[in-house]
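The values are calculated or read from the model by the stated rules, or taken from the named source; none is laboratory data. Small disclaimer: the values here were computed from a predicted structure and weren't measured. For neighbour counting, all protein chains shown are included, and Cβ atoms are generated from backbone atoms with ideal geometry for every residue, glycine included.
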Ligand code: GLU
């Protein structure tokens, strides 16, 4: 029996969880859950300037919001530096690494020469075979890996297929800097090995690193994990997703009012597919997930598609669950905390009753927040320009006629609809000509959920008062 799967997500804390990182985490998570293995979390916090506790917290928060959990405690890469140094020393002792005494000036000259001759910039092996006895005094050496100079390093990647690197293209990389700090490629190999990682699933931008890392595994006689390098995410214009495409951090999607389950579904489809399935539950994703379903070409981030998918999830989420999601969302959006502060039990009940009407037209929780505004508005309502226009264009007269009808109606969405429709028929007025002014005075705007729902949720007293206020305005 093969040993069980261990994946890992290894973000560098850069201040937020990048949307591409969110997808990488999702794939690692789905693969681990599918195989009943584990997903570990390793924070690659070796850049001490950027790796603040806040940056780490932002990553954990982003993952948690996406609904992704990990096994065991998050591991700090920085805290393992002495183990990384130990492995560098082992390689040194075995003659598989060497001390390099090149000064920054010499390295700079090497770079300039290569650039002048239009060669790729590579370390020229100055200290590879040089007698350490000739080391200059007072220079602290870096340790370089003695990379194989001939032959090939092959990655049999689960996504990219067989990728062949000519060893002569890969130079002797520094594994331990002269200040004693391990470098990224060494740390990743040591950590993945020590953590028992069986599958490395990460962005294709790490493919060259994969070759270098493979060489280090071999030098240490360690088993090279399976690898799956997933294509990048592009923006709608086909260029690599960047700041100018808008939101990059997962938390920005939370603030834009997307539901985590819709995000999971959307991110899964960015690069992975299962037949023609576009909409699937997280359970289905786990059941169907496999590395063979990941495509080789970059996927495009399509905001319209995400929005429509989110709208689908909103409409299909039951009212109570959606209300919970809405309440959890409010602290993260402008104006949300103020709204939240006004939600007492009575308001909560109103929101719940309004939910079927609200969710019908909302694609995001931001839309939902906007259309729920009428519940919070206080009398006398301020009418926006469009609402005023409706009132000026015959709205006042329409409401004057309608008011007695409403006053006498059975106050349920159904009862109100019956009464208003009967009145429309009897008076020859078009339903829209009655509904629009009602909407204007009840919500202060020209768009809202179905008007009979609005009347019902606001209740008889509040509705009639808002109508009277509106009539007084004219
Ligand atoms: N820390 C790296 C990054 O955030 C990922 C390293 C890896 O997955 O091996 O890009």
Identity of the residue in the stretch 23-40, within 12 Å of the ligand (Cβ to nearest atom) and under 17 Å from the mean Cα position of the chain (by Cα), that ends up surrounded by the fewest Cβ atoms within 10 Å (Cβ to Cβ): 24
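Of everything in the stretch 446-461, what is surrounded by fewer than 20 Cβ atoms within 10 Å (Cβ to Cβ) and free of Cβ contacts under 8 Å to residues at least 24 places away in the same chain? Give them in sequence order.
Once the filter is applied, which keeps residues that are surrounded by fewer than 20 Cβ atoms within 10 Å (Cβ to Cβ) and free of Cβ contacts under 8 Å to residues at least 24 places away in the same chain, the stretch 446-461 yields only 461.
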Which one of these is within 13 Å of the ligand (Cβ to nearest atom), farther than 16 Å from residue 9 by Cα and more than 26 Å from the chain's Cα centre (by Cα): 214, 153, 208? 214
Residue check, residue 43 against (1) surrounded by fewer than 22 Cβ atoms within 10 Å (Cβ to Cβ); (2) more than 11 Å from the ligand (Cβ to nearest atom); (3) under 19 Å from the mean Cα position of the chain (by Cα), all met but one. Which one? (2)
I'd like the residue in the stretch 103-123 that is touching a residue at least 40 places away in the same chain (Cβ under 8 Å) and surrounded by 15 or more Cβ atoms within 10 Å (Cβ to Cβ) and, out of all such residues, is nearest to residue 143 (Cα to Cα). 123
Run residue 326 past the list (1) within 28 Å of residue 436 (Cα to Cα); (2) in contact with a helix residue (DSSP H, G or I) (Cβ under 8 Å, 6 or more places away or on another chain); (3) outside any helix (DSSP H, G or I) and report the number of the one that doesn't hold. (3)
For residue 136, are the conditions met, namely being out of contact with any strand residue (DSSP E or B) (no Cβ under 7 Å at 6 or more places or on another chain), modelled with pLDDT of 95 or more and in a loop (DSSP other than H, G, I, E, B)? no
